[in-house]
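Accompanying notes for the structure given below.
The values are calculated or read from the model by the stated rules, or taken from the named source; none is laboratory data. Keep in mind that what you see is a predicted model, and the values were worked out from it rather than measured. Here Cβ is always computed from backbone atoms with ideal geometry, including for glycine, and neighbour counts include all displayed protein chains. These area figures cover heavy atoms from the full protein model, side chains too; ligands, DNA and RNA do not enter into them. Shrake-Rupley method; radii C 1.70, N 1.55, O 1.52, S 1.80 Å.
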Amino acid sequence: MTDQYAIRVSDLVVGFGRRTVIDHLSLDVRRGEILGLVGASGGGKSVLMRTIIGLIPKRGGRIEVMGWDADAAGGLNGHFGAPRWGILFQQGALFSSLTARQNVQFPLRENASLSQSLMDEIADAKLEMVGLTPDDGDKLPSELSGGMTKRVALARALALDPAIVFLDEPTSGLDPIAAGDFDALIKTLQKTLGLTVFMVTHDLASLKTVCDRVAALADGKIVAIGSMDDLLNSEHPWVRAYFHGKRSLMLHKKPD
Amino acid sequence: MSSTPLLDIATAGDTLELRPTGSWTVVNAGLLESLFNAAAPQLAAAKRLRVDLAGVREIDTLGAWLLEKISRGAEQAGHPVTVTGIDERHAELIEDVRKVNRTQRAARPRPNPVMARLEQAGRAAFGAVDEIVIFLQMLGATGWALLGVLRRPRSLRMTSLVYQTWRIGWQAIPIMVLITFLIGAIIAQQGIFHFRKFGAESYVVDMVGILVLRELGVLIVAIMVAGRSGSACTAELGSMKMREEIDALTTMGLDPIEVLILPRIIALVIALPILAFMGSMAALYGGGLIAWLYGGMSPAIFIERLREAVSVTHFEVGIIKAPFMALVIGIIACSEGLKVQGSAESLGRQTTTSVVKSIFLVIVLDGLFAVFFASIGM
Ligand SMILES: Nc1ncnc2c1ncn2[C@@H]1O[C@H](COP(=O)(O)OP(=O)(O)OP(=O)(O)O)[C@@H](O)[C@H]1O
Ligand SMILES: [Mg+2]
């Protein structure tokens, strides 16, 4: 049954000029799971995410999201758009002429008919859930710190509680406490709304605590996929280097 | 999957019983809000509230917030609230939403409209003074950078200067020539048409020659350059400012004026006189062509009359103005570019301001030169 999968990618090829970034990659994301994607910096994680969303043309392969084929008329953004999926871009991509609150309200305003006061309350609630105060809501994107930008972008991605959320390094630039709150928020939303999350991250703690499965991208392919424990035991040299490097050792050190 | 949300309201004594059912999600946003608004008067009247969530099939942040708003309203009025039947899946979200929006946002004082107007007028007046100061500052800074370059000629950014001159000058030639050609042609045609009534057609040559060489050639080219290159300058510097590239440059010990602004201004000062010269020639060519085709004046006669009508002085008057206009365009374009703040909107605003202001100043400058040349008898 295809319905079991939220995202199905098979045999995907993506490249720029003469360089192939994604090379015959296949990946399935189950409905309601949180999938973490790891990979080298510059390895093509953002490119993979943007291709699934339909922002980068693919050279070959198939992409299906919620049973919709990306090649169907109108493309996925026509079928989906904000009500069905929320996207957090690596650089935030906030609308620079709108305040933080207006940024969060934007999908609500475009997709639901609500009164202004209720939209304000919802936007404030979202901002507070990602750890910002209502006063931060009045700031323009240029007045936000790097981590605050991330959080506003996250609040915007979650504004409509969409069925699928794509997150590109959501916790980079956040302090560990904020990152922990973020993990808890994602977990709560997954539990309540049955959210499917496709998350690119380098945050080992996030991978361990929230991700149901982790996929490793190397050489343009998924070289390992499974639970965190599966990946820790993987034999692939790059995956070993990633999880057993100096920085990662503390993660699975046995408590003495 | 999603089912219509409903809100059953039943009163038992002084207890109000609410039984929400269906999908309380953002898909049904409009409906949910009207349900909430319809229940509001009864909520206000109730002394005791019981909410049974057993019938809720789906809930998201919006639904949870509306339900929370109901019970919070009653709590704040001091009425007891009991919530039952929370699905175990929904519990965490409802619990999370319960915590939000507890702090009141500090209400901002509304300004008195009359005072606001007065304040605006005052600020605008001071702003005008600031504008002059900023212009002079930029002029000074550029002059200073130029002095530095004169002392150490090697510090001039040659690559950038050549590139900018190529973009501002060379690439602009076709469009400038085309436009001035057309303008020269139009002036000649109008002149012939109207002068014909007095039998003074041959004076068209005087008119075209003097008008083009003294005023129109340089003025039109300057306005075109302001629109074409001044705006590009502002947009480039503005987006560099927006993305902190200018800050990065400063921290590396480089002077943005020397690196970015001076090459652009020098390129403008080099390119504009050349463009103005070419434009004037194209306009004369257009005028001559029309005089021949439409007025029946042979090219030889046109050139002969032109030689009598215009002197080098007319040409000098025109071309002397060009570098000054270029300087004004460059200074305005660069200082507006540096004024850009963080948003895309401010980039657009500053680019518009840059073009409007530099065209205005070019025309004002032209007027001042006219007065000056008249008084020294040129
Ligand atoms: N628009 C583009 N044009 C050309 N090359 C691109 C483009 N976008 C990305 N690339 C290249 O594709 C490769 C993968 O980039 P990508 O942004 O996916 O990396 P990433 O895995 O997300 O890295 P990071 O963890 O640093 O964000 C890089 O080599 C990059 O230079
Ligand atoms: Mg990336």
Selected residue [assigned by TED's automatic domain parsing to the domain that holds B:Arg196, among the acidic types (Asp, Glu) and more than 22 Å from B:Ile187 (Cα to Cα)] from B:Glu308, B:Glu336 = B:Glu336
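Within region A:209-235, can you find the residues that are more than 16 Å from the chain's Cα centre (by Cα) and open to solvent by 50 Å² or more (accessible area, probe 1.4 Å)? Steps first, please.
In the first step, residues of region A:209-235 are kept if they are more than 16 Å from the chain's Cα centre (by Cα); the result is A:218-235.
A:Asp219, A:Lys221, A:Ile225, A:Asp229, A:Asp230, A:Asn233, A:Glu235 - these are the residues of region A:209-235 that are more than 16 Å from the chain's Cα centre (by Cα) and open to solvent by 50 Å² or more (accessible area, probe 1.4 Å).
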Select the helices (runs of 4 or more DSSP H) contained entirely in region A:84-200, then report the ones holding at least 1 residues which are in contact (Cβ under 8 Å) with a residue 24 or more places away in the chain, open to solvent by 50 Å² or more (accessible area, probe 1.4 Å) and within 16 Å of ligand 1 (Cβ to nearest atom).
-> A:146-157
Return yes when B:Val97 is within 14 Å of another protein chain (Cβ to nearest Cβ) and open to solvent by less than 20 Å² (accessible area, probe 1.4 Å) and no when it is not.
-> yes
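Looking only at region B:148-166, which residues are among the charged types (D, E, K, R) and either modelled with pLDDT of 95 or more or touching a helix residue (DSSP H, G or I) at 6+ places or on another chain (Cβ under 6 Å) (or both)?
Answer for region B:148-166, where residues must be among the charged types (D, E, K, R) and either modelled with pLDDT of 95 or more or touching a helix residue (DSSP H, G or I) at 6+ places or on another chain (Cβ under 6 Å) (or both): just B:Arg157.
If a residue has to be without any contact (Cβ under 8 Å) to a residue 40 or more places away in the chain and either on the phi < 0 side of the Ramachandran plot or out of contact with any strand residue (DSSP E or B) (no Cβ under 7 Å at 6 or more places or on another chain) (or both) to count, how many in region A:201-230 make the cut? I'd like the intermediate steps shown before the answer.
The first filter runs over region A:201-230 and keeps only residues without any contact (Cβ under 8 Å) to a residue 40 or more places away in the chain, leaving A:203, A:209, A:223-224, A:226-230.
Still in the list and also either on the phi < 0 side of the Ramachandran plot or out of contact with any strand residue (DSSP E or B) (no Cβ under 7 Å at 6 or more places or on another chain) (or both): A:203, A:209, A:223-224, A:227-230.
Here the count works out to 8.
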Please give the number of the condition B:Thr180 fails out of (1) open to solvent by less than 30 Å² (accessible area, probe 1.4 Å); (2) modelled with pLDDT of 90 or more; (3) within 24 Å of the chain's Cα centre (by Cα).
-> (3)
Whichever residue in region B:1-23 is in contact with an Asp or Glu (Cβ under 7 Å, 6 or more places away or on another chain) and within 14 Å of chain A (Cβ to nearest Cβ) and, among such residues, is modelled with the highest pLDDT = B:Ser23
Got a number for residues in region B:232-257 being under 13 Å from B:Gln341 (Cβ atoms) and either outside the structural domain of B:Val356 (by TED's automatic domain parsing) or under 12 Å from the mean Cα position of the chain (by Cα) (or both)?
-> 2
Could you please find all residues in region B:47-70 being among the charged types (D, E, K, R) and within 13 Å of chain A (Cβ to nearest Cβ)?
-> B:Arg57, B:Glu58, B:Asp60, B:Glu68, B:Lys69
Residues that are outside any strand (DSSP E or B), away from ligand 1 (no atom under 16 Å from the Cβ), in contact (Cβ under 8 Å) with a residue 24 or more places away in the chain and open to solvent by 30 Å² or more (accessible area, probe 1.4 Å), drawn from region A:22-71 = A:Arg31, A:Met66, A:Gly67
In region A:1-21, the residues that are closer than 23 Å to A:Val210 by Cα and either open to solvent by less than 10 Å² (accessible area, probe 1.4 Å) or under 15 Å from the mean Cα position of the chain (by Cα) (or both) = A:Ala6, A:Ile7, A:Val9
Hey, can you tell me all the residues within region A:39-54 that are under 15 Å from A:Val21 (Cα atoms), more than 10 Å from ligand 2 (Cβ to nearest atom), under 15 Å from the mean Cα position of the chain (by Cα) and of a type outside the set (Ser, Thr, Tyr)?
-> A:Ile52
